[in-house]
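Colleague: Before I ask anything, here is the structure I am working with.
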Amino acid sequence: SQQGEEDPQALSIQEGENATMNCSYKTSINNLQWYRQNSGRGLVHLILIRSNEREKHSGRLRVTLDTSKKSSSLLITASRAADTASYFCATEGNNRLAFGKGNQVVVIP
Amino acid sequence: DAMVIQNPRYQVTQFGKPVTLSCSQTLNHNVMYWYQQKSSQAPKLLFHYYDKDFNNEADTPDNFQSRRPNTSFCFLDIRSPGLGDAAMYLCATSRDLSIESYEQYFGPGTRLTVT
């Protein structure tokens, strides 16, 4: 089964800095999605990028997708304390999402 | 506001005592999912309903069952909870299974403790 896998490093940054996290996967996909999860809460959908797209923006978020390398990156620009959360990538295929392990981001005010 | 609601938010049950977790949605979505998420791990899909069609993941233990009596409600039944079933259980919905409508909407989760 396909599986999104983020780089496992926890990230701690100062407010205003940019945060970048990466995700790799193993099989072909229809789309790749990024979700945010605040501590003890459900996941919130951030952005979806289709397999035929290379880059997508949504507000302070920028997602890239390289299907040849089976990888994606999520960039959060001008981070805020409220961006502190875990971020998961999820690959879609066979009508189901497979989530990666998540990347903990801490934004220090 | 349209949303996904999970009750209760926290559930404590005893080892071996059946427990039911509840999920409801006001989004009128066709698909409802149940995920299990253990501490610092990725959510793991247990099963999903596409309308009334039940789709079980191959590695979901038989101990876990689900019911969807109508579009709005979906239940997760754990027949004989073990200590290893302590986790956050997340319910999610999506409008359909087509690529264009595959964004999932999650409830806040139910944290299950097994004593």
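The values are calculated or read from the model by the stated rules, or taken from the named source; none is laboratory data. These numbers come from a predicted model, not from an experiment. All accessible areas refer to the heavy atoms of the entire protein, side chains included, with ligands and DNA or RNA removed. Shrake-Rupley method; radii C 1.70, N 1.55, O 1.52, S 1.80 Å.
Colleague: Provide the three semi-axes, in whole Å and in decreasing order, of the ellipsoid equivalent to segment A:26-109 as defined by the square roots of 5 times the Cα gyration tensor eigenvalues.
Modeller: Square roots of five times the eigenvalues give 23, 15, 10 Å.
Colleague: Can I ask one more? With a 1.4 Å probe and all protein chains kept in place, how much accessible area does B:Arg95 have, in Å² rounded to the nearest 10?
Modeller: The accessible area of B:Arg95 comes to roughly 140 Å².
Colleague: What are the principal axis extents of the Cα atoms in the protein assembly as shown, in Å, biggest first?
Modeller: Projected onto the principal axes, the Cα atoms of the protein assembly as shown cover 48, 37, 35 Å.
Colleague: Sequence-distant or interchain residues sharing an amide H contact under 5 Å with A:Val105, placed H: which?
Modeller: A:Leu11, A:Ala85, A:Ser86, A:Tyr87
Colleague: Next question, about the same structure. With 28 Å as the limit, write out which pairs from B:Lys17/B:Lys38; A:Lys101/B:Lys17; A:Lys70/A:Lys101; A:Lys70/B:Lys38 have Cα-Cα distances beyond it, or answer none.
Modeller: A:Lys101/B:Lys17
Colleague: With solvent modelled as a 1.4 Å probe, how much accessible area in total do chains A and B shield from it at their shared surface, in Å² to the nearest 100?
Modeller: Counting protein atoms only, the buried area is about 1700 Å².
Colleague: Taking H as built 1.01 Å from N, whose amide H comes closer than 5 Å to the amide H of A:Glu15, not counting residues under 5 places away?
Modeller: The answer is A:Ile108.
Colleague: Go through B:Met3, A:Met21 and list them by solvent-accessible area, largest first, probe radius 1.4 Å.
Modeller: The ranking, largest first, comes out as B:Met3, A:Met21.
Colleague: Evaluated at 37 °C with a viscosity of 0.692 mPa s, what Stokes-Einstein diffusion coefficient in µm²/s does chain B have when Rh comes from the Kirkwood expression over alpha-carbon pairs?
Modeller: 232 µm²/s
Colleague: Given a 1.4 Å probe and the protein chains all in place, what does the accessible area of B:Phe75 round to, in Å² to the nearest 10?
Modeller: 40 Å²
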